[in-house]
Amino acid sequence: MSLFRKKSLSLLLADAQNSEHGLKKTLSSFNLVTLGIGAIIGAGLFSLTGIVAAENAGPGVMYSFIIAAIGCAFAGLCYAEFAAMIPIAGSAYTYAYATMGEILAWIIGWVLILEYALGAATVSISFSSYFGKFLHNLGLDIPMQYFHSPFEQFALADGTMTHGIINLPAIIIIVLISLLLIKGTKESAFVNNLLVILKVSVVIIFIAVGWSFINPVNHTPFIPENDGTFGHFGWSGILRGAGVVFFAFIGFDAVSTAAQEAKNPQKGMPIGILGSLFVCTILYVLFSYVLTGVANYKDFAGSAAPVAVAIDKTPYVWLNQSVIIAILAGYSSVMLVMLMGQSRVFYTMSKDGLLPKLFSDLHPKFSTPYKCNFLLLIFVSLFSGFVPIKVVGELVSMGTLFAFVIVCLGILVMRKTMPDVPRPFKTPFVPLVPVLGVLVCLAMMLGLPLVTWMNMFAWMAIGFVIYFTYSRKRSKLNK
């Protein structure tokens, strides 16, 4: 009954190899890279870049992206080693179970709900907002009450304040994506590939078109002088900006939840995790360079759509609608990967006895955890349609960073306790890389508001109640 009982590596590897009645191995290395890109590139690229440029770094936001990418790379290298060594669907939950024991594994599994399920709900609400703009640009105006929660107050075009009825587009997109995931991983990966191609194409078009409209004056000075306050321009502003744009990279860890469905996880998982990080970093750096070159960084102050500000400086106004399409595609692929990741974590926790069996029941034809996907469809869509989201975004970041810390610590523990275990991919410069990963992620966590920490502790308290009243006794390790 020890709280720190561990699942042996041999047992984990046996589970990974016993795929006859398990998840289908259908994902290539290319699919894994696109899954990562699908999870990483969302609307954050189109909004955070302008905010950080205007408030923190000026054109030097490009350096902020590079610093944030290096911070993500520390955690990404640790994830790559674990995912290649233990190709199980549970991601950080499984790694914690093998290195630090059951109670830490449960905590991580519970925290990942914040990243995946609530993350998908948060994205669906933002999707709804942009979808309304897209329809409006086409001349189709649906009453805005159907784009907002009944507990959310908003202003109509004439200034009248009213309440929403239901966020219908948010519910519909969650339902459609969940049904696609039930149909199969191969089909889901195909749709994700199309969405990734679409949104990356728009990003590349913006970079290519905008490059010829870069005004060198807008890049002078490239790093505006600090105004005397830490974080407001200068190198301190670039560092503060790195902390903000760090969250534009969140999502690459979701690739590791698909390890059990990879055709060659030993090779494919490192390629998927690190490859998607590399591609997104290149796009982010080029995008930010062009954005701040086409328009002056001061023009982005107070703008909710900085890309539109830059496009207005060119004759290609039609790009505004294309950017909205890219954002919708970006949001869709993020939701797909998040919901897929959540169902795979629940699948693994259920196989370990920590959750009821229905979470690991596979569809007789599609070999997907369809009951789990259906329950997530109900839970997430209700959250999307009826709950106003204010601090959930920060709670998602808290859960993600906490998982990163545990994975980096897990590498240190595994290298000490199991030095001779075969590692298809090895994190370089251990212990430096995992230690830096822990420090960077803890620094990000400490920068989050106090209310987020309080919500996190409340969420953890609920998780402990479930663990001690249900999961601990039913754990397969208990038998």
Cβ pairs under 8 Å, 6+ apart, first in region 263-278 and closer than 16 Å to G38 by Cα, second crowded, with 22+ Cβ neighbours inside 10 Å and of a type in the set (D, E): I273/D253
Residue identified as farther than 22 Å from H148 by Cα, among the small types (G, A, S), in a loop (DSSP other than H, G, I, E, B) and at pLDDT below 90 among S367, S322: S367
In region 296-308, the residues that are modelled with pLDDT of 85 or more and either assigned to a helix (DSSP H, G or I) or surrounded by 24 or more Cβ atoms within 10 Å (Cβ to Cβ) (or both): Y297, K298, D299, F300
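Would you point out which residue out of I223, I238, I250, I271 is β-branched (V, I, T), more than 17 Å from the chain's Cα centre (by Cα) and not in a helix (DSSP H, G or I)?
After ruling out the rest, the residue left standing is I223.
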Tally of residues being crowded, with 20+ Cβ neighbours inside 10 Å, touching a Pro at 6+ places or on another chain (Cβ under 8 Å) and not hydroxyl-bearing (S, T, Y) across region 149-190: 1
Top-ranked residue of region 265-295 - restricted to ones that are β-branched (V, I, T) and within 18 Å of D253 (Cα to Cα), ranked as surrounded by the most Cβ atoms within 10 Å (Cβ to Cβ): I273
Cβ pairs under 8 Å, 6+ apart, first in region 440-458 and within 13 Å of L114 (Cα to Cα), second assigned to a loop (DSSP other than H, G, I, E, B) and not polar (S, T, N, Q): T452/V391; N455/V391
Condition met for S322 (under 30 Å from I86 (Cα atoms) and either of a type outside the set (D, E, K, R) or surrounded by 19 or more Cβ atoms within 10 Å (Cβ to Cβ) (or both)): no
Residue count for region 465-474, restricted to those that are farther than 9 Å from W106 by Cβ and either among the β-branched types (V, I, T) or surrounded by 13 or more Cβ atoms within 10 Å (Cβ to Cβ) (or both): 5
Candidates I378, I462, I411 - the one that is on the phi < 0 side of the Ramachandran plot, modelled with pLDDT of 85 or more and either surrounded by 14 or more Cβ atoms within 10 Å (Cβ to Cβ) or among the charged types (D, E, K, R) (or both): I411
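The values are calculated or read from the model by the stated rules, or taken from the named source; none is laboratory data. Since we're looking at a predicted model, the values are computed, not measured. Heads up, the Cβs are rebuilt from the backbone with ideal geometry, glycines too, and the neighbour counts pull from every protein chain shown.
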